[in-house]
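Worksheet for the structure shown next.
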Amino acid sequence: MESINLLKECEGAQSIVISGHVRPDGDCVGSCMAAYLYLKKAMPSADIKVCIEKPASVFGCIKDFELIDSSFSVEAPVDVMIALDCEKSRLGEAEEIFKLAKKTINIDHHISNEHGCGDINYVIPSASSTSELIYDVMDKSYMDMDIAKAVYIGIVHDTGVFKYSNTSPKTLRIAAELIEYGFDFPSIIDETFYEKTFVQNQILGRALLESIMFMDGKCIVSYVNQSTLDFYNATPTDLEGIVNQLRIIKGVECAIFMYQVGNLEYKVSLRSCKYVDVSKVASYFGGGGHVRAAGCTMNGTFHDVINNISGQIEKQMKEYVTE
Ligand code: 5GP
Ligand code: MN
C-alpha cells in the first residue's frame with residue numbers, strides 16, 4: 001500500500017476528528033496525539049479534536065493530553081475523520097462520527113484490518129506501530145519535540161521498548177531521529193512503560209500466583225475477575241503488562257490473560273513467542289490484532305473461554321509439529 005500525505009488529505013478541512021480504538025493503549029494515544037499536534041501546527045485555523053476513551057494517566061506527559069475529549073461531543077458531520085490504530089468497528093463511540101464524516105482516513109498496522117476502512121487508507125501490517133506510520137505520513141518540516149515525543153511513546157509501547165519482533169531497522173532509525181529532538185527518553189520509558197503502582201504490582205503478583213500452565217507448559221493462562229478489581233479498587237488499565245510477564249516464562253509459547261468485563265464476559269489478551277499466530281486465534285473469536293499480540297472479547301465462564309481458545313491454539317501447535 002502506498003504512503004499518503006496526511007496534510008494534503010486534510011487540505012481545506014474546517015473540522016477534523018482524530019480517534020483510535022476502545023481501551024486506548026500507548027500506540028493509540030501516541031499516534032492520535034502526534035497526529036493532533038502535527039495537524040494543529042500545520043492547520044492552525046481548523047477545528048481539530050481527539051476523541052478517545054480516557055487513557056491511562058501516565059500519558060499525561062504528552063502535550064495537550066488534557067484536551068482529549070472522552071465525551072465524544074462532536075457536531076457531526078465533520079469534514080475529515082481520521083481513525084488510527086484500528087478499523088471502524090473498534091472505534092467505540094467514535095464510530096458514529098466516522099460513519100457521518102464527509103471524508104475518512106484510516107491509518108493502522110493491524111493484520112486483521114486487511115484493506116482499511118476509510119476513503120483513504122494506509123495500513124501496513126509489518127509496521128511496528130501506528131505511531132511509526134504517522135511519522136511516515138508527516139511533512140518533517142513541522143516536526144518538533146512535542147510531536148516527536150508522542151510518536152516515540154507510541155513506538156516504545158507497541159514494541160515493548162524495541163524488543164518485540166515487530167521492531168525493524170526502520171523502527172530504530174525513526175527512533176534515532178526522534179530522540180534528536182532532545183526529550184528525556186529514559187524518563188519516558190520508565191514513567192510510561194515500566195513504572196507500576198503498588199496496586200498494579202499486587203494484581204500482577206496475584207495473576208502470576210494463580211496462573212495455570214497447560215499443554216506441557218507451552219501455554220499459560222491467568223485471569224482477574226471483577227471482584228478482584230473491586231477489591232483493589234483497580235480498573236482494566238491497571239492490568240496492562242500482565243500478559244507480557246506471563247509470556248516470558250521459560251518454555252511458554254503462548255500466554256493468555258483475561259479479565260472480566262461483564263457477567264460471563266471476558267476481555268482476552270493473547271501473546272506468542274515464536275510460531276503460534278495469535279491474530280488467527282483472536283480473529284476466529286471475532287477479535288484481531290497481530291501475529292504475536294492479539295485480543296478478543298469472549299462469552300462464557302473462565303473455563304468455557306479457556307477451553308475454546310486452547311482448542312484453536314492446539315490446532316496450530318499440532319500443525320507446527322507436523323510441518
Ligand atoms: P491487548 O491484548 O494489549 O489488548 O491487545 C493486543 C493487540 O490486539 C493490540 O494491537 C490490540 O489493538 C489488538 N486487539 C485487542 N483486542 C482486540 C479486539 O477485540 N479486536 C481487534 N480487532 N483487535 C484487538
Ligand atoms: Mn498499535
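Readers should treat all values here as calculations from the given coordinates under stated rules, not as data from a laboratory. It should be emphasised that the depicted structure is a prediction, and the values quoted were computed from it without experimental measurement. Cβ coordinates were reconstructed from backbone atoms using ideal geometry, including for glycine residues, and neighbour counts include every protein chain displayed.
With only Lys, Arg, Asp and Glu charged, each at its Cβ (+1 for the first two, -1 for the last two), find how big the charge dipole of the chain is about the Cα centre; round to the nearest 20 debye.
Using Cβ point charges on Lys, Arg, Asp and Glu, the chain gives about 680 debye.
Starting at the first residue of the stretch 104-121, write each ³J(HN,Hα) from the Karplus equation 6.51 cos²θ - 1.76 cosθ + 1.60 with θ = phi - 60°, in whole Hz, x for Gly and Pro.
10, 10, 10, 10, 7, 10, 7, 5, 6, 9, 3, 9, x, 10, x, 5, 10, 10
What's the longest bit of the chain with no exposed trypsin sites (Lys or Arg not before Pro), using DSSP loop states and at most 10 other Cβ atoms within 10 Å as the test?
Segment 1-162 is the longest.
On C-alpha positions alone, give me the angle between the axis of helix 26-42 and the longest principal axis of the chain, in degrees, nearest 10.
That helix lies at roughly 0 degrees to the long axis.
Could you tell me the center-to-center distance, by alpha carbons, between the stretch 170-238 and the stretch 263-323 in angstrom?
20
Which residue fluctuates most in the GNM of the chain (Cα springs below 10 Å): A76, A127, A282?
So, out of A76, A127, A282, the one fluctuating most is A76.
Give me D for the stretch 127-183 in µm² s⁻¹, whole number, from Stokes-Einstein with Rh from the Kirkwood sum over alpha-carbon pairs, 10 °C and 1.306 mPa s.
D = 144 µm²/s.
Compute the long axis of helix 302-322 from its Cα atoms, compare it with the longest principal axis of the Cα atoms of the chain, and write down the angle in degrees, 0 to 90, nearest 10.
Result, in degrees: 90.
Per residue, how big is the convex hull of the chain when only Cα atoms are used? Give it in Å³.
Value for the chain: 134 Å³ per residue.
For the charge dipole of the chain, defined by +1 on Lys and Arg C-beta atoms and -1 on Asp and Glu C-beta atoms about the Cα centroid, which residue among P236, F302, M143 has the Cα displaced farthest towards the positive pole?
So the residue we want is F302.
Can you compute the helix-only [θ] at 222 nm over the chain? Use -39500 (n - 2.57) per DSSP H run of at least 4 residues, normalise by all residues, nearest 500 deg cm²/dmol.
-10500 deg cm²/dmol
Along the principal axes of its C-alpha atoms, what lengths does the stretch 1-105 span, in descending order and rounded to whole Å?
That works out to 34, 32, 28 Å along the principal axes.
Kirkwood hydrodynamic radius for the stretch 6-194: how many Å is it when counted over pairs of different Cα atoms?
16.1
Take the stretch 203-323, drop everything but the C-alpha atoms, weight them equally and run the Debye formula without solvent; then report log10 I(q)/I(0) at 0.15 Å⁻¹ to two decimals.
-0.61
If you restrict to DSSP beta bridges whose two residues both lie in the chain, what percentage is antiparallel, to the nearest 5?
45
How much length, in nm to one decimal, is gained on full extension between E319 and Y142, taken as 0.36 nm per residue of separation minus their Cα-Cα distance?
Full extension of this stretch gives 58.8 nm more.
Over 29 Å between Cα atoms: which of K41/K280; K103/K163; K63/K140; K99/K149; K102/K149 fall into that group?
Too far apart for the 29 Å limit: K41/K280; K103/K163; K99/K149; K102/K149.
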